[in-house]
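One structure is given here, and the rest of the page talks about it.
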Amino acid sequence: RNGISRPKGYTVSWHANPEVEKHHFGMAHPMKPWRLTLTKEIVMAYGMHTAMDTHLSRAATVEELVEFHKEDYIDFLSSVTPQNLATNYPWLKPGAVGYSGPFFGVGEDCPIFDGLFEYCSLYAGASIDAARKLTSHQSDIAINWSGGLHHAKKAEASGFCYINDIVLAILQLLRHHPRVLYIDIDVHHGDGVEQAFWSTDRVLTLSFHKYDKETFFPGTGPLDDTGPTHPDNPGAHHSLNVPLNDGIDDVSYQWLFESVVGPCIDTYRPTAIVLQCGADSLGHDRLGCFNLNIQGHGSCVSYVKSFKIPLLVVGGGGYTPRNVARAWAHETSICIGADKDLDPTLPLHTPFRHHFAEEGPTLFPPLHATRFENKNPRTYLESIVTAIREQLRYMHG
Ligand code: ZL4
Ligand code: CA
Ligand code: ZN
(Lines give C-alpha, C1' and ligand atoms only; values in the text may rest on other atoms or scores of the structure.)
(Ligands and ions follow the chains in the order given, each with its own letter.)
Protein backbone atom coordinates (compact mmCIF):
# COMPACT_ATOMS: atom_id res chain seq x y z
CA ARG A 1 0.00 0.00 0.00
CA ASN A 2 1.06 3.56 -0.64
CA GLY A 3 -0.42 4.85 2.57
CA ILE A 4 -2.97 7.48 3.40
CA SER A 5 -2.25 11.20 3.05
CA ARG A 6 -2.11 13.49 6.06
CA PRO A 7 -5.32 15.17 7.14
CA LYS A 8 -5.66 18.74 5.90
CA GLY A 9 -5.41 21.54 8.44
CA TYR A 10 -4.61 19.52 11.54
CA THR A 11 -2.01 17.09 12.91
CA VAL A 12 -2.54 13.68 14.47
CA SER A 13 0.19 12.11 16.59
CA TRP A 14 0.51 8.44 17.55
CA HIS A 15 2.36 7.58 20.76
CA ALA A 16 3.45 4.01 21.44
CA ASN A 17 6.29 1.81 22.54
CA PRO A 18 6.21 -1.79 21.29
CA GLU A 19 7.82 -3.00 24.54
CA VAL A 20 4.43 -2.50 26.24
CA GLU A 21 2.85 -5.19 24.05
CA LYS A 22 5.26 -7.88 25.25
CA HIS A 23 4.08 -7.98 28.86
CA HIS A 24 1.84 -10.72 30.25
CA PHE A 25 -0.58 -10.49 33.18
CA GLY A 26 -0.84 -14.30 33.27
CA MET A 27 -2.36 -16.89 30.96
CA ALA A 28 -6.01 -16.73 32.05
CA HIS A 29 -6.01 -13.00 32.86
CA PRO A 30 -8.40 -11.06 30.60
CA MET A 31 -6.03 -8.11 30.04
CA LYS A 32 -3.88 -8.91 26.99
CA PRO A 33 -1.32 -6.23 26.05
CA TRP A 34 -0.76 -7.95 22.67
CA ARG A 35 -4.16 -6.55 21.55
CA LEU A 36 -2.00 -3.46 20.90
CA THR A 37 0.10 -5.47 18.42
CA LEU A 38 -3.06 -6.52 16.60
CA THR A 39 -4.27 -2.89 16.52
CA LYS A 40 -0.99 -1.69 15.06
CA GLU A 41 -1.02 -4.47 12.44
CA ILE A 42 -4.40 -3.30 11.12
CA VAL A 43 -3.39 0.37 11.23
CA MET A 44 -0.21 -0.33 9.28
CA ALA A 45 -1.85 -2.73 6.81
CA TYR A 46 -4.21 0.11 5.80
CA GLY A 47 -1.24 2.50 5.60
CA MET A 48 -2.66 4.86 8.23
CA HIS A 49 0.74 5.42 9.87
CA THR A 50 1.79 7.65 6.96
CA ALA A 51 -0.96 10.13 7.88
CA MET A 52 0.30 10.70 11.43
CA ASP A 53 3.38 11.81 13.34
CA THR A 54 4.50 8.58 15.00
CA HIS A 55 6.46 8.88 18.23
CA LEU A 56 8.32 6.13 20.06
CA SER A 57 7.33 6.99 23.61
CA ARG A 58 9.65 6.79 26.60
CA ALA A 59 9.13 5.59 30.13
CA ALA A 60 7.68 8.14 32.55
CA THR A 61 10.20 9.12 35.22
CA VAL A 62 9.58 8.56 38.94
CA GLU A 63 9.37 12.34 39.28
CA GLU A 64 6.53 12.38 36.76
CA LEU A 65 4.70 9.46 38.37
CA VAL A 66 4.70 11.06 41.85
CA GLU A 67 2.88 14.11 40.48
CA PHE A 68 -0.20 12.00 41.26
CA HIS A 69 0.90 8.77 42.94
CA LYS A 70 2.25 8.36 46.47
CA GLU A 71 5.98 7.87 46.71
CA ASP A 72 5.88 4.65 48.76
CA TYR A 73 3.51 3.13 46.19
CA ILE A 74 5.88 3.99 43.33
CA ASP A 75 8.80 2.62 45.39
CA PHE A 76 6.82 -0.59 45.77
CA LEU A 77 5.90 -0.87 42.05
CA SER A 78 9.49 -0.20 40.99
CA SER A 79 11.05 -2.80 43.28
CA VAL A 80 8.53 -5.66 43.56
CA THR A 81 9.04 -8.78 41.41
CA PRO A 82 7.20 -12.11 41.31
CA GLN A 83 10.34 -13.55 42.98
CA ASN A 84 10.72 -11.10 45.90
CA LEU A 85 7.01 -10.53 46.56
CA ALA A 86 6.59 -13.16 49.28
CA THR A 87 9.86 -12.44 51.11
CA ASN A 88 9.88 -8.62 50.94
CA TYR A 89 6.14 -8.09 51.33
CA PRO A 90 4.87 -10.96 53.52
CA TRP A 91 1.64 -9.08 54.35
CA LEU A 92 0.64 -9.34 50.69
CA LYS A 93 0.64 -13.16 50.87
CA PRO A 94 -2.80 -14.61 50.20
CA GLY A 95 -4.46 -15.28 53.54
CA ALA A 96 -2.10 -13.10 55.62
CA VAL A 97 -3.98 -11.86 58.67
CA GLY A 98 -3.54 -9.23 61.35
CA TYR A 99 -1.52 -6.73 59.30
CA SER A 100 -2.94 -3.32 58.53
CA GLY A 101 -0.09 -1.71 56.57
CA PRO A 102 0.01 -0.87 52.90
CA PHE A 103 -1.90 -3.17 50.58
CA PHE A 104 -1.35 -1.44 47.23
CA GLY A 105 -4.23 -3.34 45.60
CA VAL A 106 -2.19 -6.37 44.57
CA GLY A 107 -4.15 -9.56 43.85
CA GLU A 108 -5.78 -11.54 41.06
CA ASP A 109 -7.04 -8.45 39.20
CA CYS A 110 -3.67 -6.68 39.57
CA PRO A 111 -0.97 -9.36 39.68
CA ILE A 112 2.76 -8.75 40.06
CA PHE A 113 4.30 -9.93 36.77
CA ASP A 114 7.74 -9.73 35.19
CA GLY A 115 8.51 -6.24 33.90
CA LEU A 116 5.50 -4.69 35.67
CA PHE A 117 7.19 -1.33 36.30
CA GLU A 118 8.50 -1.09 32.75
CA TYR A 119 4.98 -1.79 31.48
CA CYS A 120 3.45 0.88 33.74
CA SER A 121 6.01 3.59 33.16
CA LEU A 122 5.89 3.07 29.38
CA TYR A 123 2.12 3.39 29.00
CA ALA A 124 2.17 6.40 31.36
CA GLY A 125 5.07 7.99 29.46
CA ALA A 126 3.09 7.71 26.24
CA SER A 127 0.08 9.57 27.70
CA ILE A 128 2.31 12.29 29.18
CA ASP A 129 4.14 12.70 25.84
CA ALA A 130 0.82 12.84 24.02
CA ALA A 131 -0.51 15.54 26.38
CA ARG A 132 2.66 17.60 25.91
CA LYS A 133 2.32 17.43 22.11
CA LEU A 134 -1.12 18.98 22.54
CA THR A 135 -0.01 21.74 24.91
CA SER A 136 2.93 22.65 22.64
CA HIS A 137 0.52 22.86 19.65
CA GLN A 138 2.54 20.26 17.74
CA SER A 139 -0.50 18.00 17.63
CA ASP A 140 -4.27 18.49 17.50
CA ILE A 141 -5.26 14.88 18.17
CA ALA A 142 -2.81 12.71 20.12
CA ILE A 143 -3.42 8.96 20.40
CA ASN A 144 -2.12 6.47 23.00
CA TRP A 145 -3.96 3.14 22.75
CA SER A 146 -1.83 1.64 25.55
CA GLY A 147 -3.19 4.20 28.04
CA GLY A 148 -6.64 4.77 29.51
CA LEU A 149 -6.10 2.91 32.77
CA HIS A 150 -8.76 4.77 34.68
CA HIS A 151 -9.09 2.75 37.93
CA ALA A 152 -5.60 3.33 39.42
CA LYS A 153 -5.60 5.35 42.66
CA LYS A 154 -2.94 7.47 44.40
CA ALA A 155 -1.50 4.51 46.31
CA GLU A 156 -3.44 1.53 45.01
CA ALA A 157 -3.68 -0.62 41.92
CA SER A 158 -7.26 -1.48 40.94
CA GLY A 159 -9.05 -3.24 38.09
CA PHE A 160 -5.99 -4.12 35.96
CA CYS A 161 -4.68 -0.52 36.38
CA TYR A 162 -1.50 0.36 38.33
CA ILE A 163 -0.57 3.88 37.20
CA ASN A 164 -3.31 6.34 36.26
CA ASP A 165 -1.88 7.69 33.00
CA ILE A 166 -5.08 9.69 32.41
CA VAL A 167 -4.68 11.67 35.62
CA LEU A 168 -1.00 12.30 34.80
CA ALA A 169 -1.91 13.47 31.28
CA ILE A 170 -4.69 15.76 32.55
CA LEU A 171 -2.24 17.28 35.07
CA GLN A 172 -0.01 18.13 32.09
CA LEU A 173 -2.94 19.66 30.19
CA LEU A 174 -3.91 21.74 33.23
CA ARG A 175 -0.55 23.53 33.07
CA HIS A 176 -1.81 25.29 29.93
CA HIS A 177 -5.54 24.68 29.79
CA PRO A 178 -8.08 26.28 32.14
CA ARG A 179 -10.73 23.55 31.65
CA VAL A 180 -10.37 19.90 30.63
CA LEU A 181 -13.32 17.63 29.79
CA TYR A 182 -12.77 13.91 30.44
CA ILE A 183 -15.11 11.49 28.64
CA ASP A 184 -15.02 7.74 29.35
CA ILE A 185 -16.85 5.16 27.18
CA ASP A 186 -15.27 2.07 28.77
CA VAL A 187 -18.04 -0.23 30.08
CA HIS A 188 -16.61 0.32 33.60
CA HIS A 189 -16.92 3.49 35.68
CA GLY A 190 -13.87 5.79 35.46
CA ASP A 191 -13.59 5.98 39.25
CA GLY A 192 -9.86 6.78 39.55
CA VAL A 193 -10.07 9.85 37.32
CA GLU A 194 -13.30 11.01 38.95
CA GLN A 195 -11.76 10.68 42.42
CA ALA A 196 -8.53 12.48 41.46
CA PHE A 197 -10.43 15.57 40.24
CA TRP A 198 -13.40 15.31 42.60
CA SER A 199 -12.65 18.66 44.26
CA THR A 200 -11.79 20.88 41.31
CA ASP A 201 -13.92 22.68 38.73
CA ARG A 202 -11.06 22.69 36.22
CA VAL A 203 -11.81 19.11 35.16
CA LEU A 204 -15.29 17.89 34.27
CA THR A 205 -15.41 14.09 34.33
CA LEU A 206 -18.13 12.20 32.45
CA SER A 207 -18.33 8.40 32.43
CA PHE A 208 -20.82 6.16 30.60
CA HIS A 209 -20.86 2.70 32.17
CA LYS A 210 -22.76 -0.37 33.22
CA TYR A 211 -23.87 0.31 36.79
CA ASP A 212 -24.83 -2.24 39.37
CA LYS A 213 -23.62 -1.39 42.86
CA GLU A 214 -23.63 -5.04 43.97
CA THR A 215 -22.51 -7.06 40.97
CA PHE A 216 -20.53 -4.96 38.50
CA PHE A 217 -17.03 -3.58 39.08
CA PRO A 218 -16.23 -1.09 40.60
CA GLY A 219 -19.79 -0.51 41.88
CA THR A 220 -19.52 3.30 41.83
CA GLY A 221 -20.91 5.94 39.45
CA PRO A 222 -24.66 6.35 40.09
CA LEU A 223 -26.43 9.25 38.37
CA ASP A 224 -26.55 11.39 41.50
CA ASP A 225 -22.80 11.26 42.36
CA THR A 226 -21.91 14.59 40.82
CA GLY A 227 -19.15 15.97 43.04
CA PRO A 228 -18.74 17.17 46.63
CA THR A 229 -22.15 18.26 47.86
CA HIS A 230 -20.77 21.20 49.85
CA PRO A 231 -21.92 24.13 47.69
CA ASP A 232 -18.82 26.28 48.24
CA ASN A 233 -16.59 23.43 47.05
CA PRO A 234 -15.51 24.15 43.47
CA GLY A 235 -15.79 20.48 42.48
CA ALA A 236 -19.55 20.40 43.09
CA HIS A 237 -21.44 19.27 39.95
CA HIS A 238 -18.19 18.57 38.07
CA SER A 239 -18.43 14.76 38.07
CA LEU A 240 -21.11 13.40 35.78
CA ASN A 241 -22.17 9.77 35.58
CA VAL A 242 -24.33 7.92 33.07
CA PRO A 243 -25.25 4.58 34.68
CA LEU A 244 -26.56 2.03 32.17
CA ASN A 245 -28.07 -1.44 32.16
CA ASP A 246 -27.15 -4.46 30.01
CA GLY A 247 -27.53 -4.59 26.28
CA ILE A 248 -27.47 -0.97 25.12
CA ASP A 249 -27.28 -0.78 21.30
CA ASP A 250 -25.71 1.60 18.77
CA VAL A 251 -28.82 3.72 18.17
CA SER A 252 -29.55 4.29 21.88
CA TYR A 253 -25.92 4.85 22.81
CA GLN A 254 -25.28 7.32 20.00
CA TRP A 255 -28.40 9.31 20.82
CA LEU A 256 -27.53 9.35 24.52
CA PHE A 257 -23.86 10.20 23.95
CA GLU A 258 -24.65 13.18 21.73
CA SER A 259 -27.51 14.37 23.96
CA VAL A 260 -25.18 14.41 26.96
CA VAL A 261 -21.78 15.35 25.51
CA GLY A 262 -23.14 18.20 23.32
CA PRO A 263 -24.60 20.17 26.25
CA CYS A 264 -21.51 19.40 28.38
CA ILE A 265 -19.22 20.97 25.79
CA ASP A 266 -21.57 23.91 25.17
CA THR A 267 -21.89 24.66 28.88
CA TYR A 268 -18.44 23.85 30.23
CA ARG A 269 -16.49 25.13 27.17
CA PRO A 270 -13.44 22.87 27.68
CA THR A 271 -10.18 23.96 26.05
CA ALA A 272 -8.95 20.35 25.86
CA ILE A 273 -10.73 16.97 25.86
CA VAL A 274 -9.49 13.53 26.92
CA LEU A 275 -11.49 10.63 25.46
CA GLN A 276 -11.06 7.18 27.02
CA CYS A 277 -12.16 4.63 24.39
CA GLY A 278 -12.33 1.41 26.42
CA ALA A 279 -13.47 -1.22 23.91
CA ASP A 280 -15.15 -3.48 26.47
CA SER A 281 -18.38 -1.60 25.70
CA LEU A 282 -18.50 -3.50 22.36
CA GLY A 283 -20.81 -6.47 21.93
CA HIS A 284 -19.20 -9.89 22.46
CA ASP A 285 -16.64 -8.51 24.92
CA ARG A 286 -15.40 -11.12 27.41
CA LEU A 287 -16.17 -8.89 30.42
CA GLY A 288 -18.69 -6.40 29.04
CA CYS A 289 -22.48 -6.56 28.64
CA PHE A 290 -23.32 -3.93 26.01
CA ASN A 291 -24.28 -4.59 22.36
CA LEU A 292 -22.30 -1.88 20.56
CA ASN A 293 -20.86 -2.41 17.10
CA ILE A 294 -17.52 -0.98 15.98
CA GLN A 295 -19.49 1.78 14.16
CA GLY A 296 -21.50 2.79 17.25
CA HIS A 297 -18.39 2.94 19.42
CA GLY A 298 -16.53 4.89 16.74
CA SER A 299 -19.36 7.40 16.32
CA CYS A 300 -18.45 8.72 19.79
CA VAL A 301 -14.95 9.54 18.51
CA SER A 302 -16.37 11.21 15.37
CA TYR A 303 -18.74 13.31 17.44
CA VAL A 304 -16.07 14.50 19.90
CA LYS A 305 -13.65 15.20 17.04
CA SER A 306 -16.26 17.38 15.30
CA PHE A 307 -15.88 20.06 18.01
CA LYS A 308 -12.26 20.68 16.87
CA ILE A 309 -10.95 21.02 20.43
CA PRO A 310 -7.43 19.64 21.22
CA LEU A 311 -8.04 15.96 21.86
CA LEU A 312 -6.16 13.21 23.68
CA VAL A 313 -7.45 9.75 22.73
CA VAL A 314 -6.54 6.82 24.98
CA GLY A 315 -7.50 3.13 25.12
CA GLY A 316 -8.61 1.31 28.26
CA GLY A 317 -10.52 -1.96 28.63
CA GLY A 318 -11.31 -4.38 25.83
CA TYR A 319 -11.12 -8.14 26.35
CA THR A 320 -11.87 -9.71 22.97
CA PRO A 321 -8.55 -8.69 21.39
CA ARG A 322 -9.53 -9.01 17.73
CA ASN A 323 -12.49 -6.66 18.20
CA VAL A 324 -10.44 -4.24 20.31
CA ALA A 325 -7.99 -4.08 17.40
CA ARG A 326 -10.80 -3.54 14.87
CA ALA A 327 -12.33 -0.76 16.97
CA TRP A 328 -9.12 1.12 17.72
CA ALA A 329 -7.90 0.84 14.12
CA HIS A 330 -11.27 2.20 12.93
CA GLU A 331 -11.07 5.01 15.48
CA THR A 332 -7.54 5.83 14.31
CA SER A 333 -8.97 6.19 10.80
CA ILE A 334 -11.64 8.56 12.16
CA CYS A 335 -8.93 10.68 13.81
CA ILE A 336 -7.04 11.07 10.53
CA GLY A 337 -10.27 11.62 8.59
CA ALA A 338 -9.85 8.46 6.49
CA ASP A 339 -12.75 6.36 7.78
CA LYS A 340 -14.96 7.03 4.75
CA ASP A 341 -12.20 5.89 2.38
CA LEU A 342 -11.25 2.60 4.02
CA ASP A 343 -12.13 -0.70 2.39
CA PRO A 344 -13.96 -2.59 5.17
CA THR A 345 -12.22 -5.78 4.08
CA LEU A 346 -9.11 -6.13 6.23
CA PRO A 347 -5.99 -5.92 4.06
CA LEU A 348 -4.19 -8.33 6.36
CA HIS A 349 -1.98 -11.18 5.32
CA THR A 350 -0.47 -13.95 7.39
CA PRO A 351 0.52 -14.22 10.22
CA PHE A 352 -2.18 -11.86 11.48
CA ARG A 353 -5.11 -12.72 9.27
CA HIS A 354 -5.99 -15.87 11.24
CA HIS A 355 -6.76 -13.83 14.36
CA PHE A 356 -9.73 -12.35 12.50
CA ALA A 357 -10.98 -15.60 10.99
CA GLU A 358 -13.90 -16.06 13.38
CA GLU A 359 -15.95 -13.13 12.05
CA GLY A 360 -14.15 -13.01 8.69
CA PRO A 361 -11.66 -10.46 7.40
CA THR A 362 -13.91 -7.43 7.93
CA LEU A 363 -13.45 -4.31 10.00
CA PHE A 364 -17.16 -4.31 10.90
CA PRO A 365 -18.45 -7.70 12.05
CA PRO A 366 -21.97 -7.65 13.56
CA LEU A 367 -21.44 -7.53 17.34
CA HIS A 368 -24.96 -6.46 18.31
CA ALA A 369 -26.30 -10.04 18.44
CA THR A 370 -28.59 -10.75 21.33
CA ARG A 371 -26.26 -12.04 24.03
CA PHE A 372 -27.82 -9.34 26.23
CA GLU A 373 -31.34 -8.00 25.93
CA ASN A 374 -31.45 -4.17 25.84
CA LYS A 375 -32.59 -3.22 29.36
CA ASN A 376 -32.36 0.53 28.67
CA PRO A 377 -35.84 1.73 27.61
CA ARG A 378 -36.11 5.10 25.90
CA THR A 379 -37.85 6.58 28.97
CA TYR A 380 -34.83 5.64 31.11
CA LEU A 381 -32.40 7.26 28.67
CA GLU A 382 -34.53 10.41 28.54
CA SER A 383 -34.53 10.65 32.34
CA ILE A 384 -30.72 10.50 32.30
CA VAL A 385 -30.49 13.33 29.77
CA THR A 386 -32.88 15.42 31.86
CA ALA A 387 -30.85 14.81 35.02
CA ILE A 388 -27.55 15.68 33.33
CA ARG A 389 -29.00 18.92 31.90
CA GLU A 390 -30.21 19.73 35.40
CA GLN A 391 -26.65 19.27 36.73
CA LEU A 392 -25.23 21.50 34.02
CA ARG A 393 -27.49 24.37 35.12
CA TYR A 394 -25.47 24.55 38.35
CA MET A 395 -22.34 25.09 36.32
CA HIS A 396 -21.48 28.67 35.60
CA GLY A 397 -18.41 29.87 33.79
C1 ZL4 B 1 -9.40 -12.23 36.34
O2 ZL4 B 1 -9.49 -15.58 34.89
O3 ZL4 B 1 -14.95 -7.73 39.76
C4 ZL4 B 1 -8.08 -12.26 36.82
C5 ZL4 B 1 -10.21 -11.12 36.53
C6 ZL4 B 1 -7.31 -13.39 36.67
C7 ZL4 B 1 -6.94 -15.66 36.03
C8 ZL4 B 1 -6.97 -16.63 37.21
C9 ZL4 B 1 -7.69 -16.20 38.48
C10 ZL4 B 1 -9.14 -16.58 38.51
C11 ZL4 B 1 -12.01 -12.21 35.39
C12 ZL4 B 1 -11.51 -11.10 36.05
C13 ZL4 B 1 -9.95 -15.85 39.53
C14 ZL4 B 1 -9.98 -14.36 39.35
C15 ZL4 B 1 -11.02 -13.66 40.17
N16 ZL4 B 1 -7.80 -14.48 36.06
C17 ZL4 B 1 -10.84 -12.17 40.19
C18 ZL4 B 1 -14.22 -8.31 42.56
C19 ZL4 B 1 -13.38 -9.29 41.96
C20 ZL4 B 1 -12.24 -9.87 42.77
C21 ZL4 B 1 -11.22 -10.50 41.84
O22 ZL4 B 1 -11.58 -2.25 31.68
N23 ZL4 B 1 -11.83 -11.54 41.03
C24 ZL4 B 1 -13.34 -7.97 41.52
C25 ZL4 B 1 -12.13 -5.77 37.41
C26 ZL4 B 1 -13.12 -6.82 37.89
C27 ZL4 B 1 -13.78 -7.59 40.12
C28 ZL4 B 1 -12.47 -5.25 36.07
C29 ZL4 B 1 -11.80 -3.54 34.34
C30 ZL4 B 1 -10.68 -2.62 33.88
C31 ZL4 B 1 -11.08 -1.61 32.82
C32 ZL4 B 1 -9.92 -0.69 32.45
C33 ZL4 B 1 -11.42 -4.25 35.61
N34 ZL4 B 1 -12.86 -7.13 39.29
C35 ZL4 B 1 -14.00 -10.38 41.11
C36 ZL4 B 1 -12.92 -10.98 40.20
C37 ZL4 B 1 -9.05 -14.51 35.53
C38 ZL4 B 1 -9.90 -13.36 35.67
C39 ZL4 B 1 -11.23 -13.34 35.19
C40 ZL4 B 1 -12.33 -9.93 36.29
N41 ZL4 B 1 -12.06 -8.98 37.18
C42 ZL4 B 1 -13.51 -9.58 35.66
N43 ZL4 B 1 -13.94 -8.41 36.17
C44 ZL4 B 1 -13.03 -8.04 37.08
O45 ZL4 B 1 -12.12 -0.76 33.26
C46 ZL4 B 1 -8.73 -1.35 31.92
CA1 CA C 1 -16.94 4.40 31.45
ZN1 ZN D 1 -13.43 -1.61 31.41
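The values are calculated or read from the model by the stated rules, or taken from the named source; none is laboratory data. These numbers come from a predicted model, not from an experiment. Cβ atoms come from the backbone with ideal geometry, glycine included; neighbour counts cover every protein chain shown. What goes into the accessible areas is simple: the full protein's heavy atoms, side chains included, and nothing from ligands, DNA or RNA. Shrake-Rupley method; radii C 1.70, N 1.55, O 1.52, S 1.80 Å.
Counting only lysines at least 8 places from Lys340 when in the same chain, those with an alpha carbon closer than 18 Å to its own are Lys8, Lys305.
Note on Arg371/His29: beta-carbon distance plugged into 1/(1 + (r/R0)^6) with R0 of 22 Å gives a FRET efficiency of 0.50.
Per residue, the convex hull spanned by the alpha carbons of the chain comes to 140 Å³. Accessible surface area normalised per residue over the chain is 41 Å², counting heavy atoms of protein chains with a 1.4 Å rolling probe. For the range 18-107, the set of GluC sites (Glu not before Pro) satisfying both a DSSP loop assignment and a count of at most 16 other C-beta atoms within 10 Å is given as Glu67. I want the antiparallel fraction of DSSP beta bridges within the chain, as a percent rounded to 5. Within the chain, antiparallel bridges account for around 10 percent of the total.
Take every pair of alpha-carbon atoms less than 8 Å apart whose residues are at least six positions apart; their mean separation over the length of the chain yields a relative contact order of 18 percent.
Net charge in the neighbourhood of Arg269 (other residues with Cβ under 14 Å of its Cβ; Lys, Arg +1, Asp, Glu -1) is +1.
Springs join every pair of Cα atoms under 10 Å in this Gaussian network model of the chain, and among Ser158, Ser57, Ser302 the largest mean-square fluctuation is at Ser302. Accessible surface of the range 12-393, 1.4 Å probe: 54 percent of it comes from carbon and sulfur atoms.
What value, in deg cm²/dmol to 500, does the helix sum -39500 (n - 2.57) over DSSP H runs of n ≥ 4 give at 222 nm once divided by the residues of the chain?
Rounded to the nearest 500, it is -9500 deg cm²/dmol.
Bridging of Lys153 to lysines at a Cα separation below 16 Å is possible for Lys70, once same-chain residues fewer than 8 apart are set aside. His368 sits with roughly 100 Å² accessible to a 1.4 Å probe, with DNA, RNA and ligands left out of the calculation. Net charge within 15 Å of Ala28 by Cβ-Cβ distance, Lys/Arg positive one each and Asp/Glu negative one each, not counting Ala28 itself? Its environment carries a net charge of 0.
log10 I(q)/I(0), Debye, Cα-only the range 205-305, no solvent, q = 0.19, 0.21 Å⁻¹? Debye intensities relative to I(0), on a log10 scale: -1.03, -1.21. Here's the list of lysines a cross-link from Lys375 could span, going by alpha-carbon distance under 17 Å and ignoring same-chain residues fewer than 8 apart: Lys210, Lys213.
Think of the chain as a dipole: +1 on every Lys or Arg Cβ, -1 on every Asp or Glu Cβ, centred on the Cα centre; then among Pro90, Pro243, Ala357, Ala357 lies furthest on the positive end. Take Arg175: with every protein chain present and a 1.4 Å probe, its accessible area is about 140 Å².
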